[in-house]
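A short reminder: the numbers here are calculations on the coordinates, not readings from a lab. Being a predicted model, the structure only gives us computed values, none of them experimental. Please note: Cβ atoms are built from the backbone with ideal geometry, for glycine as well, and neighbour counts cover all protein chains shown.
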Amino acid sequence: MNPQKTYTVDEARKRLESYCAYQERCHKEVSQKLYDMRMIPEARDQIIVHLLQHNFLNEERFAQAFVRGKFRIKKWGRQRITLELKRKDISKTIITIALREISDDDYIETFNALAEKKVETIRESNHQKKRKKLADYLFYRGWESHLVYDKIRELIP
């Protein structure tokens, strides 16, 4: 018998400040958090405005951090990163700015290393099936088709 906790606007604002200070957040995540806290729409708007004014919430900064993290840690390509940012309701302009965080040299270098590492782990004697497995893996990670097909031709003759 634990009823849902209710929050005052001040309590909710403090919780959201620490939520945003812990890691970068987007508007959608903050709105969802406030919704989950059962805050009324007027209070949600008031808290979001406060977070924006005090620089706890910044979509561009969030997108840049997201791009850097997903590229360096998960080795995602630009297409997957763009798709995930769109799911978080980030505007095209901000996505374009954020994708500049990835240098072209790093992008190609990471792609090549990822493809070469993966092709060694695929235990398949049939070349066609091996090509498909590598392509599926790289497409899932969001790499562009021209890069994928060129690399497959190079690695699996």
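Remarks
- Lys, Arg +1 and Asp, Glu -1 on Cβ, resulting dipole of segment 35-157 about Cα centre, debye, nearest 20: 620 debye
- Taking each DSSP H run with n ≥ 4 as -39500 (n - 2.57) and averaging over every residue of the chain yields -22500 deg cm²/dmol at 222 nm.
- Calculated Rg and Dmax of segment 9-53 using C-alpha coordinates, Å: 9.2, 25
- Compared with the alpha-carbon gap, the fully stretched path from Lys74 to Glu154 is longer by 26.4 nm at 0.36 nm per residue.
- Per-selection Rg to Rh, segment 1-88 - Cα, Kirkwood hydrodynamic radius: 1.05
- Net charge dipole size for segment 81-129 [Lys, Arg +1 and Asp, Glu -1 on Cβ; Debye, nearest 20]: 380 debye
- Ordering Ile73, Ile95, Gln128 by Cα displacement along the dipole of the chain toward the positive end leaves Gln128 in first place; charges were set at the Cβ atoms of Lys, Arg (+1) and Asp, Glu (-1).
- Here the dipole of segment 59-99 is about 280 debye; that uses its Cα centre as origin and unit charges on the Cβ of Lys and Arg (positive) and Asp and Glu (negative).
- Principal axis box of segment 59-99, alpha-carbon based, largest edge first, Å: 23, 17, 14
- Segment 104-155: C-alpha pair distances exceeding 11 Å, %: 67 percent
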